[in-house]
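Working notes, beginning with the structure itself.
The values are calculated or read from the model by the stated rules, or taken from the named source; none is laboratory data. Note that this is a predicted model, so its numbers are computed, not measured. Ideal geometry is used to build each Cβ from the backbone, glycine not excepted, and the neighbour counts take in all protein chains shown. Heads up: the accessible areas ignore ligands, DNA and RNA and are worked out on the full protein's heavy atoms, side chains in. Shrake-Rupley method; radii C 1.70, N 1.55, O 1.52, S 1.80 Å.
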2 protein chains.
Amino acid sequence: MRIDPLASWNEGRAKQSIIEFVSRVTDSGTPDFVPPTERIAVFDNDGTLWSEKPMYVQVLFALDRVDMLAPMHPEWRDQEPFASLLEGDVGAALAGGEHSILEIVMATHADMTTAEFHEIVREWLASAKHPTTERLYTEMVYQPMLEVLSYLRANGFKTFVVSGGGIEFVRPWAEEAYGIPPEQVIGSSIKTAFRMRDGEPLLVRSPELNFFDEKEGKPVAINQHIGRLPIAAFGNSDGDLQMLQWTTAGPGPRLAVYVHHTDGDREWAYDRESSVGRLDEGLDEAREKDWIVADMKKDWKIIYPHEMG
Amino acid sequence: MRIDPLASWNEGRAKQSIIEFVSRVTDSGTPDFVPPTERIAVFDNDGTLWSEKPMYVQVLFALDRVDMLAPMHPEWRDQEPFASLLEGDVGAALAGGEHSILEIVMATHADMTTAEFHEIVREWLASAKHPTTERLYTEMVYQPMLEVLSYLRANGFKTFVVSGGGIEFVRPWAEEAYGIPPEQVIGSSIKTAFRMRDGEPLLVRSPELNFFDEKEGKPVAINQHIGRLPIAAFGNSDGDLQMLQWTTAGPGPRLAVYVHHTDGDREWAYDRESSVGRLDEGLDEAREKDWIVADMKKDWKIIYPHEMG
């Protein structure tokens, strides 16, 4: 008996398309064959590999850091967006949009070494619980996507995370959660600087944006880090659209998959109107170009690993 | 009979140290054991993996490009550094130092797509000959270092190039020359931008520096691309010093190797006084910290692959 590599996927076009694509590129007798070194697959993280509601996990992390750092910053009581945050009004704090988020990130992610930040992320993820499910965030990865990652790797693919979130926020746990080593994690970043402190070399994180790995930034980052065109890309939002366009631009077989959040009971249902993980333009383009749209409600037997029998 | 993995190395401290290091980190019965995922080795390129005299290969490439593009740039006749270059006076052209080089690079490396640049580099390397040896540049890689690369990979290491030169200048040929795939090549870069041209996505190279991967930049780039500390580093100049400091800063066994250009007959002899590939501060620190200094004249039986029997 053959074991189903995508056991948590219901039979349907999405599952079938993924399997057919892998069969085509690994069949050495055909013109569609792709040598293993060129089997590059890229995955968005938030909303594609784990849940991103009610807010990106990294934003929840930053809010917890604000609470923790507040005693050392009495000036925050009178300074937005921190004042609203400390009064528990996240909505008002984030009303300033990207600018407010950037200010919160810089205040909570910088002015420490890369090693220190790594430990802070690890410790937080080991205990912080999701506000509604009360599970660890690393338990809220998608079982069907874990199967896709394993299935691709078993077929000679190299799998990469290409996240709009922070590269150093994802790396500390991606190997354990996804089997993806740090050198295959790409993301947004702030600047770091090499310093000598008492004869010991350190990398210090500066409160300055280095690269924003979203929309047009994703192909740029893929080129910078990987240096060749992926042949498969998975995303869930308009922020991934250029990555899917870039991946499907090359010759030969290409796989572009959008995860569509359609399951308000088991996860969340959102697309065109959502501020987090909006999928609007991308959904139109997916239909026009006949990309795969994986419908979480119909295509996925289970969402999270803990639901496994 | 056991095959010697470093057959082009003479017996001596350098060869012995490399072999002892690899034996230690791969011996699972000891506290020095390093799991395969953490066996990261980084290599400078110019002067460490291939020759860099009389000038960096990429500078020679840029000069050839200036000649080729000159008919389209009549204004260069009156504009430095191009005017001097076109009169054959490379010394005068480069007298402006880093600024002149940057101007030449931007004029010859930008305003085209990443795919176009890749092809230009491949074509040039397929025919351009070294000014004194009259060999292809890819024939001027160091046989003893190719053996180190293979030996490390055979022992579970992932090998990376960390070049002060352009990341997209090295990638087109590193896989064939060194067995190092594009996603394991790190280097300096100019900015690229995602564009749609007639519905086709492209990455266009802009004439603006993105990152300079030299000195303090090397640890920053290693952290950005790899996300963990290497355990072995190979360089040949002061530009690699911070990379060697960074690599040896971690706990457990660490290997830092400087290739010392001591062979004026078979290659070139230079160190403290050279403008290209200066090794001065690094040589002092290597002696002070007991790093390995591979003496090309004494430690290497042959330099280039074509000398093999």
Per residue of segment A:88-99, what does 6.51 cos²θ - 1.76 cosθ + 1.60 with θ = phi - 60° give for ³J(HN,Hα)? Whole Hz please, x for Gly and Pro, Karplus curve as stated. x, 9, 4, x, 5, 4, 8, 4, x, x, 4, 4
Leaving out ligands, DNA and RNA but keeping every protein chain, what accessible area does B:LYS53 have, in Å² rounded to the nearest 10, with a 1.4 Å probe? 40
Can you sort A:TRP268, B:TRP300 by 1.4 Å-probe accessible area, starting with the largest? A:TRP268, B:TRP300
Taking every DSSP bridge whose two residues both lie in chain B, the antiparallel percent to the nearest 5 is 40
Which distance in nm do the two modelled labels at A:LEU102 and A:ILE19 give, with both placed 7 Å along the Cα-to-Cβ direction? 4.7
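Compute the relative contact order of segment A:135-285 as a whole-number percentage, counting only Cα pairs closer than 8 Å that sit 6 or more residues apart in sequence. Provide the component values of the computation, followed by the final result.
On the way: 212 pairs, mean separation 21.2, N = 151.
Relative CO of segment A:135-285 lands at 14 percent.
Sum -39500 (n - 2.57) across every DSSP H segment of at least 4 residues in chain B, then divide by the residue count to get the 222 nm mean residue ellipticity, nearest 500.
Numbers: 12 runs with 116 residues, N = 309.
Result for chain B, helices only: -11000 deg cm²/dmol.
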Here, B:ALA70 and B:GLU139, labelled 7 Å along Cα→Cβ, have an inter-label distance in nm of 2.7
What is the calculated FRET efficiency for B:MET308 to B:GLU176, with r their C-beta to C-beta distance and R₀ = 22 Å, to the nearest 0.05? 0.80
Specify the inter-centroid distance of segment B:72-128 and segment A:103-121, based on alpha-carbon positions, in whole Å. 41
Considering amide H positions built from the backbone, and no H for Pro or chain starts, which residues 5 or more places from B:GLY187, or on another chain, come under 5 Å of its amide H? B:SER163, B:ILE167
Compare A:LEU149, A:LEU241, A:LEU63 in a GNM of chain A, Cα atoms joined below 10 Å, and give the one with the largest fluctuation. A:LEU63
Using only the alpha carbons of segment B:187-239, what is the convex hull's orientation-averaged projected area in square nanometres? 5.2
Counting sequence-distant residues (5 or more places) and residues on other chains, those with an amide H built under 5 Å from that of B:TRP9 are B:LYS301
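How long are the semi-axes of the equivalent ellipsoid of segment B:1-66, taking √(5λ) for every eigenvalue λ of the Cα gyration tensor, in whole Å from largest down?
Numbers: eigenvalues 249, 58, 18 Å².
After scaling each eigenvalue by five and taking roots: 35, 17, 9 Å.
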For the pair A:ARG272/B:PHE33, report the inter-label distance in nm, with labels modelled 7 Å from Cα in the Cβ direction. 5.8
Beta bridges by DSSP in the protein assembly as shown, antiparallel share as percent, to the nearest 5: 40
What do the square roots of 5 times the Cα gyration tensor eigenvalues come to for segment A:26-113, in whole Å, largest first, as semi-axes of the equivalent ellipsoid? 43, 14, 10
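Tell me, what is the FRET efficiency for A:ALA7 and A:THR132 to the nearest 0.05, using R0 = 25 angstrom and their Cβ-Cβ distance as r? Don't skip to the answer; put the middle values down first.
Details: r = 27 Å, r/R0 = 1.08.
So the FRET efficiency works out to roughly 0.40.
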Give me the Debye-computed log₁₀ of I(q)/I(0) at q = 0.15, 0.18 Å⁻¹ for segment A:182-294, equal point scatterers on Cα only, no solvent, two decimals. -0.75, -0.95
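Over 45 Å apart: what share of the alpha carbon pairs of the protein assembly as shown falls there, rounded to a whole percent? The partial results should precede the final answer.
Numbers: 42433 of 190653 pairs.
Result for the distance tail: 22 percent.
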Gaussian network model of chain A, Cα within-10 Å springs - most flexible of A:GLU87, A:GLU123, A:GLU168: A:GLU87
Highest GNM mean-square fluctuation, chain A, Cα pairs closer than 10 Å: which of A:THR132, A:THR26, A:THR48? A:THR132
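Take the Cβ-Cβ distance between B:ALA154 and B:ALA115 as r, set R0 to 51 Å, and report the resulting FRET efficiency rounded to the nearest 0.05.
On the way: r = 33 Å, r/R0 = 0.65.
Efficiency, rounded to the nearest 0.05: 0.95.
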Over segment B:28-68, one equal point on each Cα, no solvent: what is log10 I(q)/I(0) by the Debye formula at q = 0.27 Å⁻¹? -0.91
Expected vector for segment A:221-227, Karplus 3J(HN,Hα) from phi with 6.51, -1.76, 1.60 and θ = phi - 60°, integer Hz, x for Gly and Pro, equals 5, 4, 5, 5, 8, 9, x
Using Cα centres only, tell me the gap between segment A:249-287 and segment A:189-221 in whole Å. 30
Please list 3J(HN,Hα) in residue order for segment B:142-159, calculated via the Karplus relation 6.51 cos²θ - 1.76 cosθ + 1.60 where θ = phi - 60°; whole Hz, with x for glycine and proline. 8, 4, x, 6, 4, 5, 5, 4, 5, 4, 5, 5, 5, 9, x, 7, 9, 9
Relative contact order as a percentage, chain A, C-alpha pairs under 8 Å and 6+ apart, gives 23
Debye calculation, C-alpha points only, no solvent: report log10 I(q)/I(0) for chain B at q = 0.06, 0.11, 0.16 Å⁻¹, in the same order as the q values. -0.21, -0.70, -1.39
